[in-house]
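Presented below is the structure to which this report refers.
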Amino acid sequence: MAIYKKGKNYLIDYYFEGRRVRECAGPNRQLAVELHHMRKTEITEKKFFPQRLKEKILFRDMSKMYYELHSLVNNLFSSE
């Protein structure tokens, strides 16, 4: 777990369920320290549920969604 600066912004780095998570905290170091502490507390208290880690989509579902939204509309794979 760490706080570091990249460009003008501070980033926080921590692990959740064996996965590395990195977040941008903005240009204020004190805010980054507070956010890092808050995330560690949330993980310890089992209150941290990031949506992006919970939501997984299979390739077949994504390809079907792409086909319905883009290919049919634009007639990319139309046999007509």
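The values are calculated or read from the model by the stated rules, or taken from the named source; none is laboratory data. Since the model is a prediction, treat every value here as computed from it, not as a measurement. All Cβ positions, even for glycine, are placed from backbone atoms using ideal geometry, and neighbour counts span all protein chains on display.
If you go through the range 56-74, how many residues are of a type outside the set (Lys, Arg), at pLDDT 80 or above and assigned to a helix (DSSP H, G or I)?
The qualifying residues number 9.
Pairs only if they're at least six apart or on different chains, beta carbon under 8 angstrom, first in the range 39-60 and closer than 18 Å to ARG22 by Cα and aliphatic (A, V, I, L, M), second modelled with pLDDT of 80 or more and surrounded by fewer than 11 Cβ atoms within 10 Å (Cβ to Cβ); list them, first residue then second.
LEU53/GLU17; LEU53/ARG19
Scanning the range 1-20 for residues that are among the charged types (D, E, K, R) and outside any strand (DSSP E or B), which turns out surrounded by the fewest Cβ atoms within 10 Å (Cβ to Cβ)?
Looking at the filtered set, the residue picked out is LYS8.
Is it the case that GLU23 is among the acidic types (Asp, Glu), surrounded by 14 or more Cβ atoms within 10 Å (Cβ to Cβ) and part of a helix (DSSP H, G or I)?
No; evaluated as a whole, the condition is false for this residue.
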